[in-house]
Amino acid sequence: MHKISLLIFSTMLLAAPVYSAEPTGLDIMRLVDTRDDGDDLIQKMKQRLIDRRGDVREREMISLRKDYGRDSRSITYFLAPSNVRDTALLTWDYDGVEKDDDQWLYLPALKKVRRISSSDRGDYFMGTDFTFEDIKQTPELEDYNWVLTGSEMLGDQEVWVVEGEPKNDDLKKNLGYAKTRYYIRKDNHMYIRVDFWDRKGQELKHLVSEEIRQIDGVWTAMKGTMTNVQSGHRTELTFSEHRYNSGLSDREFSERMLKRGYRDSGQN
Amino acid sequence: MKQIFNRVLTHPKSVLLLLLLLTGVAGNQMRNIYIETDMDAMLPRHSDAYINKQVLEERFGSTDMLIIGVINDEKDGIYNTHSLTLVQELTDWLAEQPHFRTLALNDLLSLATIKDIRGSENGLDVEKFMDGVPENRAEIDYLKKRMHEFGVYEDVIVSADGSGTIFAVRPMPDTRHKYAEIYDMVKAKVEAMEARGGSERFFISGRPVIEGVFGVYMPQEMKRMQPIIMALLLLLLYLSFRTPRGVFLPIVVVLMAEIWMLGTMAALGAPIYTVTTMLPILILAIGIADAVHFLSRERLLAHYQAYAHRKERLIEVMHELWKPMLMTSVTTGAGFLSMLASDLPPIRDFGLFAAVGIAYALLITMLLLPAALMLLPEKEKHADRKPLFSGYVEWLGRAVLAYPKRIMAFFAVLLIISVAGVLKLDVNASLVDQFKPGDPIRKADEMLNQHFSGTTSLDVMIDTGRENGLLEPEFLQHLVDLQLEIEKDPMVGDSSSIAEFLQTMNQALHADDPAWKRVPDSSDLAAQYLLLYSFSGAPDDFETFMTGDYRQAHVRINMKTDETRVVAALLERMKGKTDAWFPEDKGFKVEWAGTGFTVHRLSEMIIEGQVASLAVSILAIFLLCWWMFGRLLIAAIAMIPVSLAVTVNYGMMGNIGIPLDIATALTGAMALGIGVDFAIHYLHRYHEESVAGRSYEESVINTNRSVGHAILFNSFVVVGGFLVLLSAALYPQMKLGALIAATMVVCYLATCYLFPVLLGLGRKKIRV
């Protein structure tokens, strides 16, 4: 992600055997948080929402993201279905919980940009099984108590198993989770599976990331499936046409662009 | 036949052992009995109300909710910090209970979960009405103002006058068998909250609660009534026989028959419904007759010492009695089996298993009594005491001959009054009305219906026939029209649909200008609103109003009553309108569901089944009588007392205002089946007297003297047995008990008073 942080990790990784101690749960989550995911990214995204009867609803969008230090901005244009084509969402995402994210939505049928009030972190996002908290790269680390519970093989990968419990009841209520469990690959610090438990302590959802490969030197999951085991509803996200570090300009993340709509030729 | 009887009497121990063994097997089966309180399970599986209910659940996740109302009669109603703190506390508590499903907004609706949609200067705000308990007057006033302006939840979640608010929570899908437990748990919680003081009062209702309480009441009732009716039987048997064997042998017979019947039900997987809880009582009351006849006859023959050996005597008793017993059992059975003409499983099961139980009672009587009497030591007979009521029976024989005109006049008046009553007969299959007035459940339900939009659900599902169909402005406008039309009914508290929310969003995105409270102008705009909403509110907020492909819409209606006539009138009125708004030839399909609709279909089927089973039973019993007596005229005469009794039965219901429901609908065929026995016994005896060459007068007196007693005893048992039901906690059983008891009285009177008069009308011609 950032050169400085990379430096710190390398140091840590080198240092680890010296102290011959296992990293703590928090150490590992920091590795996940600071993993290199490029400075900017253009990608195509397909959402498949599958309900318990197997009925499928699909959406396609193209999404641009740029990092600003620990903050980031993104703009997402809807391509399909046709009745929401050219609808676009601009998000200015601020690190930490102190400042609410800013979100604007352009509705082509109304020809107006509307600001959207910020959601609770535990609210579900766009009809998917992901909450606003889930779609972030990593949860807010300081809100959880992280515990490394062990190492194991998941598929053909060696993983750390880290459990995170929201620090207090208010947070649990807000996030909708009593506990989360991350399975994190030791080689590239990507989580490949996450289990979630609801506030009643019952298993709620699990997220599985698949088809992990390196694109432009960045480790990328091409597919993520979140399954709600209680409702039987599931969301499949597939990503394609990644372009990392193409040097997106600040202009791309403005209200003007939101209204103009996505034009491929407009990009480099 | 005699050979079979002989074999029974030669191996009495084996016979008893076999009976005990079978009873053991049946008793063992009884563990598998389960209770069915789901009203939809009372519908046949092919009924549209049953199917649509499944579709509603499957497509819109809409299931019956537990409802808690809190009412505060003080000036500000629930708009005060104390009440709102309780609202928050109870909401949080409900969300934490594992028995409730609380995934989506529509799983747990309360003032603390519902969301306000509001236009802001440059966007749309979707926020909870209550984000924590409001702390000061200003915040509370704002909450009150928004609730009123938003409108969607007014009267639904908060009563229009602010005096109360509601919690609706969805039980987990697999918790049906725990409904009673859930009710107790919720009750304990609200009682604890009430006990802390404050002017808030809590009321719990909703179908899960009603069905849960039913599930508790039913076995309790069965257990409670069994000893009462047994005591009654013991008393009557003692009065008749005054010997231990005379009292206990018939009791053992009917208990065995009861166990066999319940065992059969369990083995065949038939559940216990509200109406079938009455089966044991029924079998005790009806099954006892055969045993009483047997023992009376045996005692009589023993008294006259007509046979040297008791084996011969018993063979004679069996030989004499098997035919009339079989006949009366067959006619009674035919009355019950006619209930198979109904489409409703509870009524079908009731008829089928009553007939099975009657057959068992006959079989056990013919096996157990002779075998037991063979084994019991012969005792010196008591001096034959005059049976009770001998004076009355003697008087009766002469009285009917003395006052034929008065008797005719009495029955003619009764008939006229009854026919007038039949014309007033009403149908109602209300679930709540099955509880007595004053029952806490019924009171809670009344309270909730009074303050809020209503506890009875009625649902319309509209399939637009194509993806995104429900986003079309024209369709959305018709949804609005539909709601307006439905809400004209004073018994409809509220309705909601996706159109309502889209109107509100349209207004919110046009600076909250009320002029824009209308459906979006284009399908695309509607789609974009919904997408917009999904960023602010949870997307499953609307899953109960539409499917993900925007093809099917659901309008939810809350009604203040589940009375059939109201629902029927509403459906009738809506039919033409929905046909015009959602024409079938354009691919639309309108389907109704919900408790209101279930109740409506139930009552329709009650009437259809009622007419069919009455017709079948009258015909079957008539044909049986014709076959037994060999003469058409006699068969016709045999039908008169029961037909009269059945008419009086329905007339009484019409005159008193007892509607036909799933329990009272049984009375007709039941009365017919039981009552015709009286006529058969009477005619049989009269026939023998006539054949013996006695005059009309002598025949009447002699008939009364011999079968008058038996019929009187039968009437006492049946009337007494059904009067026990008056102590029931559930209304249908009370009503059924009273009706059958009264009908049996009429049947007795018609048999013993009217019959002889009728037979005397053409005394020259009518020779039975």
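The values are calculated or read from the model by the stated rules, or taken from the named source; none is laboratory data. What you are looking at is a predicted structure, and each value in this text was computed from that prediction instead of being measured. Glycine also receives a Cβ, built like all others from the backbone with ideal geometry; neighbour counts cover every protein chain displayed.
Only one entry of B:A569, B:A511, B:A515, B:A580 meets the criterion of being more than 14 Å from every other protein chain (Cβ to nearest Cβ), farther than 30 Å from B:H600 by Cβ and surrounded by fewer than 16 Cβ atoms within 10 Å (Cβ to Cβ), and that entry is B:A515. Considering the stretch B:225-265, the residues that are surrounded by fewer than 20 Cβ atoms within 10 Å (Cβ to Cβ) and of a type in the set (D, E, K, R) include one that is nearest to B:V707 (Cα to Cα), namely B:R242. State whether the residues of the stretch B:109-127 include one that is more than 10 Å from every other protein chain (Cβ to nearest Cβ), within 30 Å of B:H600 (Cα to Cα) and either of a type in the set (D, E) or in contact with a strand residue (DSSP E or B) (Cβ under 6 Å, 6 or more places away or on another chain) (or both). Yes, some residue in the stretch B:109-127 is more than 10 Å from every other protein chain (Cβ to nearest Cβ), within 30 Å of B:H600 (Cα to Cα) and either of a type in the set (D, E) or in contact with a strand residue (DSSP E or B) (Cβ under 6 Å, 6 or more places away or on another chain) (or both).
Listed by position, the strands (runs of 3 or more DSSP E) contained in the stretch A:41-157 that have at least 2 residues being within 8 Å of chain B (Cβ to nearest Cβ) are A:102-107, A:112-116. Only residues that are more than 17 Å from the chain's Cα centre (by Cα), in a helix (DSSP H, G or I) and buried (at least 17 other Cβ atoms within 10 Å of the Cβ) were counted across the stretch A:161-183, and they come to 4. Among the residues of the stretch B:81-103 satisfying the criterion of being over 34 Å from the mean Cα position of the chain (by Cα) and surrounded by fewer than 19 Cβ atoms within 10 Å (Cβ to Cβ), which is farthest from the other protein chains (Cβ to nearest Cβ)? So, considering only residues that are over 34 Å from the mean Cα position of the chain (by Cα) and surrounded by fewer than 19 Cβ atoms within 10 Å (Cβ to Cβ), the one farthest from the other protein chains (Cβ to nearest Cβ) is B:H82.
Filter the stretch B:304-323 down to residues that are surrounded by fewer than 12 Cβ atoms within 10 Å (Cβ to Cβ) and either β-branched (V, I, T) or in contact with a Leu (Cβ under 6 Å, 6 or more places away or on another chain) (or both), then give me how many there are. Step through it out loud before you land on a result.
Here is the first cut: in the stretch B:304-323, the ones surrounded by fewer than 12 Cβ atoms within 10 Å (Cβ to Cβ) are B:304-306, B:308-309.
Checking the rest, the ones that are also either β-branched (V, I, T) or in contact with a Leu (Cβ under 6 Å, 6 or more places away or on another chain) (or both) come to none.
So the count comes out to 0.
Look through the stretch A:218-246, keep the residues that are modelled with pLDDT of 90 or more and assigned to a loop (DSSP other than H, G, I, E, B), and return whichever of them is farthest from the other protein chains (Cβ to nearest Cβ).
Looking only at the stretch A:218-246, we keep the residues that are modelled with pLDDT of 90 or more, and these are A:218-229, A:234-246.
With assigned to a loop (DSSP other than H, G, I, E, B) added as a condition, the list becomes A:229, A:245-246.
Working: A:V229: 11, A:N245: 28, A:S246: 27 Å.
Ranking the candidates gives A:N245 first.
Considering the stretch B:614-663, the residues that are of a type in the set (V, I, T) and closer than 24 Å to B:E688 by Cα include one that is surrounded by the fewest Cβ atoms within 10 Å (Cβ to Cβ), namely B:I640. Among the residues making up the stretch A:158-174, those that are touching an Asp or Glu at 6+ places or on another chain (Cβ under 9 Å), within 30 Å of A:R73 (Cβ to Cβ) and away from chain B (no Cβ under 14 Å) are A:G164, A:P166, A:K167, A:L171.
Exactly one residue among B:F435, B:F411 is within 26 Å of B:G164 (Cα to Cα), crowded, with 18+ Cβ neighbours inside 10 Å and touching a residue at least 60 places away in the same chain (Cβ under 8 Å), and that residue is B:F435.
Picking from B:I114, B:I166, which residue would you name as being under 30 Å from B:H510 (Cβ atoms) and crowded, with 19+ Cβ neighbours inside 10 Å?
Details: B:I166 fails: under 30 Å from B:H510 (Cβ atoms).
Just a single option satisfies the conditions, and that option is B:I114.
Quick grid of which residues meet (1) surrounded by 20 or more Cβ atoms within 10 Å (Cβ to Cβ); (2) touching a helix residue (DSSP H, G or I) at 6+ places or on another chain (Cβ under 8 Å); (3) basic (K, R):
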| site | (1), (2), (3) |
| --- | --- |
| A:M29 | yes, yes, no |
| A:D33 | no, yes, no |
| A:D51 | no, no, no |
| A:R65 | yes, no, yes |
| A:W92 | no, yes, no |
| A:D95 | no, no, no |
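Yes or no: the stretch B:365-375 includes at least one residue that is in a loop (DSSP other than H, G, I, E, B) and touching a helix residue (DSSP H, G or I) at 6+ places or on another chain (Cβ under 6 Å). Before you say what the answer is, go through the steps one by one.
The first filter runs over the stretch B:365-375 and keeps only residues in a loop (DSSP other than H, G, I, E, B), leaving none.
Checked the stretch B:365-375: no residue is in a loop (DSSP other than H, G, I, E, B) and touching a helix residue (DSSP H, G or I) at 6+ places or on another chain (Cβ under 6 Å).
Checked against the criterion of being hydroxyl-bearing (S, T, Y) and free of Cβ contacts under 8 Å to residues at least 60 places away in the same chain, the candidates A:Y262, A:Y244, A:Y182, A:Y177 yield just one match: A:Y177. For the stretch B:198-224, the set of residues classified as closer than 20 Å to B:D92 by Cβ, small (G, A, S) and surrounded by fewer than 23 Cβ atoms within 10 Å (Cβ to Cβ) consists of B:G198 only.
Quick one: would you say A:R114 is over 16 Å from A:M226 (Cα atoms) and either under 17 Å from the mean Cα position of the chain (by Cα) or among the hydrophobic types (A, V, I, L, M, F, W, C) (or both)? Break it down into steps so the answer makes sense when it comes.
Working: over 16 Å from A:M226 (Cα atoms): yes; either under 17 Å from the mean Cα position of the chain (by Cα) or among the hydrophobic types (A, V, I, L, M, F, W, C) (or both): no.
No; evaluated as a whole, the condition is false for this residue.
Inspect all residues belonging to the stretch B:472-490 and state whether any of them is over 16 Å from B:Y153 (Cα atoms), within 10 Å of chain A (Cβ to nearest Cβ) and modelled with pLDDT of 90 or more. For the stretch B:472-490, residues over 16 Å from B:Y153 (Cα atoms), within 10 Å of chain A (Cβ to nearest Cβ) and modelled with pLDDT of 90 or more: absent. Residues considered: B:R442, B:R466. Of these, the only one that is surrounded by fewer than 23 Cβ atoms within 10 Å (Cβ to Cβ), at pLDDT 90 or above and charged (D, E, K, R) is B:R466.
Residues of the stretch B:445-463 that are surrounded by fewer than 24 Cβ atoms within 10 Å (Cβ to Cβ), of a type in the set (A, V, I, L, M) and closer than 21 Å to B:Y50 by Cβ: B:M461 alone. In this entry, B:R137 is excluded by the filter for residues that are of a type in the set (D, E, K, R), surrounded by fewer than 20 Cβ atoms within 10 Å (Cβ to Cβ) and in contact with a Lys or Arg (Cβ under 9 Å, 6 or more places away or on another chain).
Let me confirm something: among B:L531, B:L602, B:L525, B:L571, which residue is without any contact (Cβ under 8 Å) to a residue 40 or more places away in the chain and farther than 30 Å from B:G123 by Cα?
Details: B:L531 fails: farther than 30 Å from B:G123 by Cα; B:L602 fails: without any contact (Cβ under 8 Å) to a residue 40 or more places away in the chain; B:L525 fails: farther than 30 Å from B:G123 by Cα.
None of the others qualify; the one that does is B:L571.
When the stretch A:184-217 is filtered for residues that are more than 23 Å from A:L49 (Cα to Cα), among the basic types (K, R) and either away from every other protein chain (no Cβ under 14 Å) or crowded, with 19+ Cβ neighbours inside 10 Å (or both), the ones remaining, listed by number, are A:R185, A:K186, A:R199, A:R213.
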